[in-house]
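Report on one structure; see the data block that follows.
The values are calculated or read from the model by the stated rules, or taken from the named source; none is laboratory data. Remember, it's a predicted structure, so these values are computed and weren't measured experimentally. Neighbour counts run over all protein chains shown; Cβ positions are idealised from the backbone, glycine included. Just the protein is used for accessible areas: all its heavy atoms, side chains included, with ligands, DNA and RNA removed. Shrake-Rupley method; radii C 1.70, N 1.55, O 1.52, S 1.80 Å.
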Amino acid sequence: MWIEIAHFSTLIALVLSIVLLTAPLIGVFWQRPVWVRIGRQASFIICALLTLACAGLIISFLKHDFSVKYVAEHASLKLPIFYLATAMWGGHEGSLLLWAWMLSLFVAIAAWKHWSTHSVSMPWVLSILGGVLLGFLLLVVFLSSPFDRLINPPFDGRDLNPLLQDPGMVFHPPFLYLGYVGFAIPYAFAMAALITSQSDNEWILATRRWTLFSWAMLTIGIVFGAYWAYYELGWGGYWAWDPVENASFMPWLTGLAFLHSVMVQERRRMFKTWNLFLIITTFALSLLGTFLVRSGVLSSVHAFATDPGRGVYILVFMAVLLLLSFGLLTMKSDQLKETPQLESPLSKEFSFLINNLFLVAGACTVLLGTLYPLAVETLSTAKVSVGAPYYNKVFIPIMLGMLLLMGAGPIIPWQRTTLARLRREFLLPIALGAIGIITALLLGVTHPFGVASVGLILFVTSTHLQDLIRNTKARMDKESLGPLVGFIQLIQRNKRRYGGMLVHLGTLTMVAGFVGSGLFQEERNLFLSLGDTLRIGSWSLTLQSVDKTARRNWKADEAVFKAENNGKTILLKPQKRTYSKSDQPTTEAAIHSAWNEDLYVVMGDAVKEGVWSFRIYRTPLVSWVWTGTGIMIVGVFWAMMQGRRLQRKPV
Amino acid sequence: MKTRPNKRLFLIGTLILVAGALAALVFSSFTGALVYFHTPTEVTAKTTELNGKKIRIGGMVQAGSLVKESGTQKIRFLVTDGTSQHPVRYDGMVPDLFREGQGVVVEGTWRTGQDFMADSILAKHSEDYVPVEMSKEGIEKSKDSLMKSLK
């Protein structure tokens with residue numbers, strides 16, 4: 001019953017998305033505003049219908065309706081209710097419906113918020129988004145339907161893949177999709193601006209919050225994925241340059257480039273074509289991310305499907321989108337002439353340009369490493385893989401270069417600067433960075449990247465703090481305020497700048513985490529019997545017991561370790577779980593997380609009676625990666641809170 | 001102050017230099033990072049050609065071939081695709097999905113005439129997630145799809 005309601009409302013939404021695609025265009029060409037309004041209403045109704053469709057699917061899960069094929073494949077009677085409700089996006093059919101629902105929600109919000117302020121571009125925005133939505137709904141209804149019924153419903157379902165029964169994996173896809181889908185809105189505004197020949201700054205100003213929001217969601221989604229890999233996969237790391245991770249990393253990189261380079265267009269009227277290129281690329285890479293993961297072309301834990309029809313459809317969809325977008329960009333290139341030019345390499349715009357080069361090079365690196373194996377496989381019989389060393393070799397220098405720019409970019413003024421001013425701004429940070437490098441060397445850090453990152457982190461932190469202190473002082477002197485009030489006023493009046501700086505500080509925290517966990521991880525593989533003790537770092541671990549334990553849909557062998565460190569005692573309980581519906585055992589690592597290091601214990605098989613194998617990691621600074629992400633997100637939201645600025649006087 | 005064209009030249013030069021360095025970094029890292037994948041049959045066919053190269057071999061862990069050396073984590077097994085098989089040695093904890101009769105991908109350096117010393121083992125689960133009580137037919141089918149996905 002519920003599934004029919006869901007199916008039927010998706011069908012109506014499909015028909016209405018054709019209306020959303022065409023009606024606004026009729027309104028524009030025959031100058032009948034009422035048709036544009038019809039399109040707007042259609043967007044609201046589509047959103048309501050798809051909400052109903054998602055609800056219908058979730059209710060089918062909650063009711064254990066195994067006559068629905070999708071439910072039977074992704075749930076079971078014993079699945080806990082939390083995973084039951086969220087199993088809706090446990091497979092690709094449901095995820096695509098979720099994608100479409102989010103898009104419809106964003107379209108409705110855009111149609112509501114920007115209706116009166118952007119009346120010229122609105123018909124085009126609606127129509128473009130209608131086209132994207134139509135593309136996705138066709139996929140959901142005809143090629144990847146979550147609404148199919150089974151003729152002989154099983155008594156119980158197959159259960160959700162045990163690896164996906166984890167909070168990290170529950171929240172990973174929705175956030176990722178919020179990011180992917182969010183980029184559709186700036187993309188549509190950019191295209192509309194091109195079509196209506198208003199490719200000045202308006203589309204950038206209008207979509208600033210959308211872009212920031214999407215990028216923040218993408219960040220959260222990616223980090224949830226990493227967090228899941230760390231907690232669930234039991235190999236002690238969080239990022240493996242798996243194609244699925246790469247797929248979400250590419251739009252993140254180009255989106256980040258876009259966030260920076262639009263500032264140049266806003267202030268200096270430059271990089272117009274480049275910004276359009278970046279937003280088209282970012283949205284296209286978002287689609288590619290969905291395609292790569294959901295078509296099954298990659299074989300990894302995420303990609304459960306093998307269905308060429310779906311893959312070909314998404315490829316054609318992307319090809320059409322890219323051809324139309326870049327075709328339009330070429331056709332309209334004459335209106336994108338730029339009058340101001342770069343004046344000096346010692347300017348903010350130049351540092352942003354280099355920043356963009358780095359980020360785009362990063363995206364190309366990932367694209368090459370991800371698609372090359374697919375190309376080889378398609379064009380010949382050989383199969384090839386590109387390992388983590390390739391990415392690390394490229395990304396570590398890029399990251400260090402980005403850090404250097406991050407220290408300089410916010411401080412260097414627009415247009416040009418003088419050497420005297422540079423000396424004033426950078427003398428102290430460079431000195432501090434140098435001290436950092438020397439200290440690291442004295443402390444016995446020998447890895448060149450470790451040493452360089454310590455120096456750079458100190459350099460960037462001090463440029464940012466110096467800027468903060470100087471500007472607070474200036475405000476205190478000007479309005480004779482106390483330091484705290486001055487500081488609060490400063491960061492409140494310029495939320496965008498200081499939100500951005502907070503994002504930078506969050507990034508530094510993350511980088512410290514990357515360096516600590518990447519270069520200084522300690523790993524032990526060993527056999528233990530009851531009562532055995534081992535030392536790792538300043539910890540001493542004793543295996544106390546190994547027992548059997550069980551929950552609703554799994555049973556497990558559970559080891560109990562007593563871990564002691566300077567008088568502090570904790571218990572660690574790693575498990576080897578077997579889910580009742582599956583023959584694959586899964587590892588549940590026991591993790592003790594502290595501010596400075598994580599202790600991570602993985603249980604292996606019993607080697608013989610009373611002896612088990614264990615793998616134990618001591619990883620410094622992992623929690624800094626998660627904390628840094630939190631700081632970044634706060635920074636992004638702080639920057640988002642700034643409303644539109646009054647027209648600045650042109651610089 | 002310098003003249004304008006001179007300055008532009010300097011700017012463009014800097015840009016080209018940075019972009020060139022980045023491109024060089026990417027491509028120099030890319031060559032040499034590629035690891036080719038082979039089935040056991042291919043390895044038998046190209047055994048001398050592959051000598052000394054880092055490769056991946058994908059197949060099934062032959063049933064009954066897994067030997068564990070007691071007191072250590074060392075294991076030895078045969079990787080097979082039904083036609084051809086090769087002995088593999090590995091020292092370390094194996095992934096959850098590793099077991100006899102399941103798909104496996106081993107990575108290491110091929111030395112003709114010696115056992116394949118794997119640096120890492122990637123267990124491959126079939127693309128279709130198969131629960132325990134599935135029919136024999138279903139398991140066969142998923143095995144087929146596994147072999148196909150390994151190719």
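What to note about this one:
- Take the convex hull of the alpha carbons in segment A:1-165; its mean projected area over all directions comes to 9.8 nm².
- In order along segment A:177-187, the phi-based Karplus estimate (6.51 cos²θ - 1.76 cosθ + 1.60, θ = phi - 60°) of 3J(HN,Hα) comes to 5, 4, x, 3, 5, x, 5, 5, 5, x, 4 Hz; Gly and Pro are listed as x.
- Using the alpha carbons alone, the radius of gyration of chain A stands to its Kirkwood radius in an Rg to Rh ratio of 0.99.
- Percent antiparallel among DSSP beta bridges (both partners in the protein assembly as shown, rounded to 5): 95 percent
- Take each residue in A:392-402, count the other chain C-beta atoms within 10 Å of its C-beta, and the mean is 3.
- Other residues lying with their Cβ under 15 Å from the Cβ of B:S70 contribute a combined charge of 0, Lys and Arg counting +1, Asp and Glu -1.
- Overall form of segment A:360-451 per C-alpha gyration tensor (a/c, 1.5; a/b vs b/c): oblate
- Those residues of segment A:357-380 for which accessible area with every protein chain present is at least 20 Å² below the isolated value (1.4 Å probe): A:L357, A:F358, A:A361, A:L368, A:Y372
- J(HN,Hα) series, segment A:613-618, from Karplus relation 6.51 cos²θ - 1.76 cosθ + 1.60, nearest Hz, glycine and proline x: 9, 9, 10, 10, 10, 10
- Around A:R615: net Lys/Arg minus Asp/Glu count, Cβ-Cβ under 11 Å: 0
- Heavy-atom accessible surface that A and B bury in contact, both chains counted, 1.4 Å, Å² to 100: 4200 Å²
- Protection proxy ranking, peptides A:182-192, A:258-268, A:532-542, average beta carbon neighbours within 10 Å, highest first: A:182-192, A:258-268, A:532-542
- Solvent exposure of the protein assembly as shown amounts to 43 Å² per residue of accessible area, where only protein heavy atoms count and the probe is 1.4 Å.
- Our helix-only sum for chain A, with -39,500 (n - 2.57) per DSSP H run of n ≥ 4 divided by its residues, gives a mean residue ellipticity at 222 nm of -21500 deg cm²/dmol.
- Solvent-accessible area, 1.4 Å probe, carbon plus sulfur percent, for the protein assembly as shown: 65 percent
- Anisotropy class of segment A:147-243 from Cα gyration tensor, a/c 1.5 cut: oblate
- Panel note: contact residues of segment B:16-35 (accessible area lowered by at least 30 Å² against the chain on its own; 1.4 Å probe) correspond to B:V18, B:L22, B:L25, B:V26, B:S29, B:F30, B:A33, B:L34, B:V35.
- Here the 3J(HN,Hα) profile of segment A:431-443, calculated from phi with Karplus coefficients 6.51, -1.76 and 1.60 at θ = phi - 60°, is 4, 5, x, 5, 4, x, 5, 5, 4, 4, 5, 5, 6 Hz, Gly and Pro shown as x.
- Buried on assembly, segment A:141-163 (at least 30 Å² less accessible surface than by itself, 1.4 Å probe): A:R158
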